[in-house]
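Student: The structure follows.
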Amino acid sequence: MRLTRYFLPTLKETPAEAQIASHRLMLRAGMVRQAGAGIYSWLPLGFRVLKRIETIVHEEMQRAGAHAVLMPTMQLADLWRESGRYDAYGPEMLRIRDRHGRDMLYGPTNEEQITQIMRDDIQSYRDLPRNLYHIQWKFRDEIRPRFGVMRGREFLMKDAYSFDLDFESARRSYNTMFVAYLRTYARMGLRAIPLQADSGPIGGDLSHEFVILAATGETRVHADRRLLDMDAACSGIDYDGDLEPVVRAWTSLYAASDDKHDPETAPVSGSDLLVARGIEVGHIFYFGTKYSEAMGASVAMPDGERRLLHGGSYGIGVSRLAGAIIEACHDDAGIIWPDSVAPFDAGIVNLKTGDPLCDSIAAAAEERLHAAGLEVLHDDRDERAGVKFSDMDLIGLPWQIIVGPRGAASSRVELKRRADGQRLDLSLDDAVPCILDSRT
Ligand code: 5CA
């Protein structure tokens, strides 16, 4: 991708309204623009990141046996009246009336919608268990939208819903999602800590929040330091096997948010206790028959008896993650994308656009990176080197290939790793394999 043809409106000045690093950097890097309080447009660079986050979420959900669907953003108030949440939800719900005077709402979550689908289309115990999910925009009229996409009013969420015959089976579904969440965040280069949580307006009695560590997080976490040594990638996990030991290994280590932490009774203290700030990037709930009972969702057992569905719901803040990853991965110069979610794998900085030799080396670099299956952003603007360097550091692509007149004569380039600033002087032939090797 040639930068001269791309839409990347970077800002030199720090926007005054942005209080935290991710918000500042997303605006400065031209990833998002505010449309209204807590409502954002995603520009090309930001949209790429969002899509890469979505891809990881999709892959891990499907690996864990969940199936993708797409439910609407608009829902009927009557459906929410069945569960009793139309009145209970309060002013966070955006209520709308259509031209026929029918009450509608912009969905803040989809428990009712999915329960209606299951109620109508699942009849037998043989149809269970099932787990369906979607990645869809939600609206919550937050009293204080802030920190950019981290607490938006319109935001992108992955929400999965499991349906089982009984508690034992529902617990297996819960454990599967628990492990899938650990893997999802690990793949994004994040360290997530599961905290026992209240289930709040979603209801139910088994619930965990997943919090990633970042200095500006809104949640203060008190946790057993050994959580940092756990294998969050859950390598070699078998979703058909018993996941209870894995989940127990994680949940038996102490982790509590500020409001639940009591230094008197906490099992760890001193240097064994990690005290840090975190950002909630996911929340999972088992809520039993709360919705199936209210809405009449049941299946027939072999003896003809009807059994209510046991449900769970599992949310990931997809758009929040774009900000959360930046909170966890940046320095004074800008963003430092983990490979797995970077908008482009590499950037090419041509220090002397218009110089035939530099232009041809830069073009060759772009071609080779492409041929190797890498996505590349080629800065071919007629700008000062300093501007190009600072923009490239700001947008934080994992690798930079710097083409300058000195090296070009001998087909040499400089390869810079954004994460640690390490620079290598090498031939163009060696640069691409060097990038590829680091990724495997
Ligand atoms: N129905 C359940 C699970 S599907 C649910 O709605 N859970 S939730 O309320 O905890 O939201 C799930 C995740 O969405 C949160 O962990 C958070 O990461 C993200 N989220 C929630 N509210 C916002 C918001 N206002 N802006 C951005 N992300 C949000």
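The values are calculated or read from the model by the stated rules, or taken from the named source; none is laboratory data. Model, not experiment: these values are computed from the prediction. Virtual Cβ from ideal backbone geometry, glycine too; neighbours counted across all protein chains shown. Protein only, heavy atoms only, side chains kept; ligands, DNA and RNA dropped before computing areas. Shrake-Rupley method; radii C 1.70, N 1.55, O 1.52, S 1.80 Å.
Student: Take A186 and tell me if it is surrounded by fewer than 22 Cβ atoms within 10 Å (Cβ to Cβ), within 13 Å of the ligand (Cβ to nearest atom) and aliphatic (A, V, I, L, M).
Tutor: Considered against the rule, which asks whether it is surrounded by fewer than 22 Cβ atoms within 10 Å (Cβ to Cβ), within 13 Å of the ligand (Cβ to nearest atom) and aliphatic (A, V, I, L, M), A186 comes out as no.
Student: Would you point out the residue of the stretch 254-271, among those that are assigned to a loop (DSSP other than H, G, I, E, B) and not small (G, A, S), that is least open to solvent (accessible area, probe 1.4 Å)?
Tutor: This residue is V268.
Student: Are any residues in the stretch 343-353 touching a Cys at 6+ places or on another chain (Cβ under 8 Å) and open to solvent by less than 10 Å² (accessible area, probe 1.4 Å), and if so, which ones?
Tutor: Once the filter is applied, which keeps residues that are touching a Cys at 6+ places or on another chain (Cβ under 8 Å) and open to solvent by less than 10 Å² (accessible area, probe 1.4 Å), the stretch 343-353 yields only N350.
Student: If I ask for residues that are in contact with a Ser or Thr (Cβ under 8 Å, 6 or more places away or on another chain) and not in a loop (DSSP other than H, G, I, E, B), which ones from the stretch 223-241 would you list?
Tutor: If the condition is that a residue be in contact with a Ser or Thr (Cβ under 8 Å, 6 or more places away or on another chain) and not in a loop (DSSP other than H, G, I, E, B), then R225 is the only one that fits.
Student: Here's a follow-up. How many residues are closer than 30 Å to K12 by Cα and within 34 Å of the chain's Cα centre (by Cα) when one looks only at the stretch 404-430?
Tutor: Selection size over the stretch 404-430: 11.
Student: Still on this model: Quick test of your reading of the structure: P15 fulfils all but one of (1) under 30 Å from A215 (Cβ atoms); (2) at pLDDT 95 or above; (3) not assigned by TED's automatic domain parsing to the domain that holds T176. Name the failing condition by number.
Tutor: All conditions pass for P15, except number (2).
Student: I've got another one for you. Pairs, please: C-beta under 9 Å, at least 6 apart or cross-chain, first residue of a type in the set (G, A, S) and in the stretch 1-21, second at pLDDT below 90 and surrounded by fewer than 17 Cβ atoms within 10 Å (Cβ to Cβ)?
Tutor: From the stretch 1-21, the pairs are A21/A215.
Student: Related question: Give the residues of the stretch 35-50 that are surrounded by fewer than 19 Cβ atoms within 10 Å (Cβ to Cβ) and either over 20 Å from A342 (Cα atoms) or of a type in the set (G, A, S) (or both), sorted by residue number.
Tutor: Of everything in the stretch 35-50, those that are surrounded by fewer than 19 Cβ atoms within 10 Å (Cβ to Cβ) and either over 20 Å from A342 (Cα atoms) or of a type in the set (G, A, S) (or both) turn out to be A35, G36, A37, I39, S41.
Student: Looking at the stretch 230-243, which of its residues are at pLDDT 95 or above and either among the acidic types (D, E) or open to solvent by 50 Å² or more (accessible area, probe 1.4 Å) (or both)?
Tutor: Once the filter is applied, which keeps residues that are at pLDDT 95 or above and either among the acidic types (D, E) or open to solvent by 50 Å² or more (accessible area, probe 1.4 Å) (or both), the stretch 230-243 yields D238, D240, D242.
Student: Right, something else. Quick check: is even one residue across the stretch 310-327 away from the ligand (no atom under 16 Å from the Cβ) and open to solvent by less than 10 Å² (accessible area, probe 1.4 Å)?
Tutor: no
Student: Every residue in the stretch 97-130 that is open to solvent by 60 Å² or more (accessible area, probe 1.4 Å) and assigned to a strand (DSSP E or B), please.
Tutor: R97, R130
Student: Only one of these is open to solvent by 20 Å² or more (accessible area, probe 1.4 Å) and touching a Lys or Arg at 6+ places or on another chain (Cβ under 8 Å): S340, S360. Name it.
Tutor: Within the list S340, S360, the selection yields S340.
Student: Please specify each residue of the stretch 16-41 satisfying the condition of being part of a loop (DSSP other than H, G, I, E, B) and farther than 28 Å from I348 by Cβ.
Tutor: Correct list: A16, E17, A18, Q19, I20, A37, G38.
Student: Any residue at all in the stretch 80-90 that is free of Cβ contacts under 8 Å to residues at least 12 places away in the same chain, open to solvent by less than 60 Å² (accessible area, probe 1.4 Å), within 16 Å of the ligand (Cβ to nearest atom) and at positive phi?
Tutor: Looking through the stretch 80-90, at least one residue is free of Cβ contacts under 8 Å to residues at least 12 places away in the same chain, open to solvent by less than 60 Å² (accessible area, probe 1.4 Å), within 16 Å of the ligand (Cβ to nearest atom) and at positive phi.
Student: Let me ask something else. Where in the stretch 329-440 are there strands (runs of 3 or more DSSP E), lying fully within it, with 2 or more residues that are without any contact (Cβ under 8 Å) to a residue 24 or more places away in the chain and among the charged types (D, E, K, R)?
Tutor: Per the criteria, 412-417, 423-427.
Student: If R153 meets every condition in (1) within 22 Å of K290 (Cα to Cα); (2) of a type in the set (D, E, K, R); (3) within 14 Å of the ligand (Cβ to nearest atom); (4) surrounded by 15 or more Cβ atoms within 10 Å (Cβ to Cβ) apart from one, which number is that one?
Tutor: So the condition that R153 fails would be (1).
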